1. Name the single residue, out of those in segment 255-272 being in contact with a helix residue (DSSP H, G or I) (Cβ under 8 Å, 6 or more places away or on another chain) and open to solvent by less than 80 Å² (accessible area, probe 1.4 Å), that is nearest to Pro286 (Cα to Cα).
2. Please find, within segment 88-122, the residue that is surrounded by the most Cβ atoms within 10 Å (Cβ to Cβ) out of those that are more than 29 Å from Ala221 (Cα to Cα) and in contact (Cβ under 8 Å) with a residue 12 or more places away in the chain.
3. Name the one entry in Asp180, Asp261, Asp246 that is within 30 Å of Val369 (Cα to Cα), free of Cβ contacts under 8 Å to residues at least 60 places away in the same chain and over 30 Å from the mean Cα position of the chain (by Cα).
4. Just to verify a result, which residue in segment 189-226, among those that are among the basic types (Lys, Arg) and within 18 Å of the chain's Cα centre (by Cα), is nearest to Lys179 (Cα to Cα)?
5. Which residue, of Thr332, Thr375, Thr348, is farther than 30 Å from Arg256 by Cα, modelled with pLDDT of 90 or more and hydroxyl-bearing (Ser, Thr, Tyr)?
6. Please specify each residue of segment 360-382 satisfying the condition of being touching an Asp or Glu at 6+ places or on another chain (Cβ under 9 Å) and either among the aliphatic types (A, V, I, L, M) or under 21 Å from Ala177 (Cβ atoms) (or both).
7. Is it the case that segment 151-161 has a residue that's surrounded by 16 or more Cβ atoms within 10 Å (Cβ to Cβ), under 24 Å from the mean Cα position of the chain (by Cα) and farther than 23 Å from Pro356 by Cβ?
8. Within segment 182-193, identify whether any single residue is hydrophobic (A, V, I, L, M, F, W, C), modelled with pLDDT under 95 and surrounded by fewer than 15 Cβ atoms within 10 Å (Cβ to Cβ), and answer yes or no.
Amino acid sequence: TTGVQAAQVLAAGQFNWWTPPNQPWAEYGVPEELKQGPDDGEAEGDSAQWLGKASDAMMRELGRSNFYSVKGEADLALAVFGTDLVIADESDTGSELFNFIHCKIKTYTIEEDYKGVVDTVRREITMTYRQIKQKFGRAGDTIPPEMAEQAKKEKGVCKFKILHCIFPREDSERLPAAKDGKNKPIASVYISIDFKAVIRVGGYDESPILCRRFAKWGTGAVWGFGPGYLALPDARQVNYVEQYLDALAELHAYPRILTPDNLDGDVDLRAGGNTVFDSSNPDSAPREWATAGDWKLGLEQQERKRQAIRDAFFVDAFKLLNSAPLIDKEMTAYEISQRQAEQLQGVTPAFTRSIPEFINPLMKRGFGVMLRAGTIKDPPEALKKPIGPGKAALIMPEVVVTSRFNDA
């Protein structure tokens with residue numbers, strides 16, 4: 001279980017150091033174009049104050065939603081498989097604005113745009129007929145009649161496969177001024193795989209795709225790789241060593257016995273057992289055979305492999321105070337912080353990938369959802385820019401990461 005435990009430590013480290021639920025870890029900042037405009041400190045100050053309130057609202061809405069429970073699952077999947085996908089959807093029911101969906105590995109495919117950003121997802125969902133009726137009840141949704149007939153025939157115990165496709169729409173395929181789902185910039189299409197029928201054609205105003213890759217080989221493949229791939233050979237070796245150490249322990253507890261032919265069937269192997277042999281012939285006594293084995297050497301070899309697994313998952317970076325050098329020696333808080341910063345350098349590339357692939361799109365998606373829902377209102381004039389006669393649009397704010405990891 002060394003690999004399992006190490007993956008859990010890395011997942012907990014990502015959760016607590018990157019997106020801790022007890023403190024803000026990202027905020028909206030004044031857009032760069034506003035800073036470079038005319039020197040108007042008052043306008044910039046009003047914008048900063050309004051964006052600060054928007055940041056507080058975003059953290060509050062994430063706390064009210066299922067974000068942190070889904071993020072915990074996603075961090076573990078990222079640590080093991082190196083690629084993870086979360087859909088930042090809007091909630092259909094309840095007072096929450098968001099509903100986050102964690103997509104299990106092997107149930108989806110991804111595609112990148114020319115910048116290397118994942119902008120297309122196809123994921124397979126398995127749903128009961130009852131769940132399908134609950135989700136697809138909007139005007140314009142079309143549930144195949146054959147699905148209802150099959151569900152009735154099988155008394156609702158059957159399940160159906162749904163394909164959910166998310167991809168950017170070309171400007172030529174939509175009416176930008178229209179607000180309905182079919183004309184939104186990001187398409188969202190649900191298809192019944194079993195009956196080859198389109199159930200819903202909708203869309204998103206911002207991309208809901210939060211696809212992280214722990215690291216990439218740089219060979220053009222869209223999939224990432226993570227510590228699980230690096231630790232797998234050592235994990236297999238540890239399992240092998242564990243097997244023969246168990247065999248060695250069993251051999252010492254229940255040793256092999258050489259039995260003379262004159263005692264065949266008369267050797268008592270029970271605790272306190274009594275076996276009578278010919279004392280005039282020492283070779284007629286039962287004796288252990290081929291029970292030698294170096295237990296200590298096996299343990300040392302196993303511990304080396306286990307440490308290699310822990311190193312692959314950066315365990316020491318997140319459990320620094322449990323490491324032997326700190327236990328055996330008194331250290332100042334400054335020295336501990338410097339050591340921790342040094343240890344965290346190894347996982348920094350993965351964190352920097354999470355900013356453009358997870359935090360930035362999440363905060364931008366949340367900003368749009370809150371604005372449309374009226375959670376954030378009355379933006380200052382300085383954040384508006386004209387886009388036509390009598391029309392204005394908000395300038396997208398900067399996303400500033402303020403997590404514990406940044407401080408460390």
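The values are calculated or read from the model by the stated rules, or taken from the named source; none is laboratory data. Note that the structure is predicted; figures quoted are calculated from it, not measured. Methodologically, a virtual Cβ is constructed for each residue, glycine included, from the backbone with ideal geometry; neighbour enumeration extends over all protein chains shown. Note: accessible area is taken over every heavy atom of the protein model, side chains too, but ligands, DNA and RNA are not part of it. Shrake-Rupley method; radii C 1.70, N 1.55, O 1.52, S 1.80 Å.
1. Applying the first criterion (in contact with a helix residue (DSSP H, G or I) (Cβ under 8 Å, 6 or more places away or on another chain)) to segment 255-272 yields 260, 262-263.
With the extra rule that they be open to solvent by less than 80 Å² (accessible area, probe 1.4 Å), the set shrinks to 260, 263.
Values: Pro260: 7, Leu263: 8 Å.
Checked segment 255-272; the qualifying residue nearest to Pro286 (Cα to Cα) is Pro260.
2. Looking at residues that are more than 29 Å from Ala221 (Cα to Cα) and in contact (Cβ under 8 Å) with a residue 12 or more places away in the chain, I get Phe98.
3. Working: Asp261 fails: within 30 Å of Val369 (Cα to Cα); Asp246 fails: within 30 Å of Val369 (Cα to Cα).
Matching residue, one of Asp180, Asp261, Asp246: Asp180.
4. Of the residues in segment 189-226, the ones among the basic types (Lys, Arg) are 196, 200, 212-213, 216.
Pick out the ones that are also within 18 Å of the chain's Cα centre (by Cα) and you get 212-213, 216.
On the way: Arg212: 30, Arg213: 33, Lys216: 37 Å.
Step by step, filter segment 189-226, then rank; the result is Arg212.
5. Values: Thr332 fails: modelled with pLDDT of 90 or more; Thr348 fails: modelled with pLDDT of 90 or more.
None of the others qualify; the one that does is Thr375.
6. Of everything in segment 360-382, those that are touching an Asp or Glu at 6+ places or on another chain (Cβ under 9 Å) and either among the aliphatic types (A, V, I, L, M) or under 21 Å from Ala177 (Cβ atoms) (or both) turn out to be Met363, Gly368, Val369, Met370, Arg372, Ala373, Ala382.
7. no
8. no
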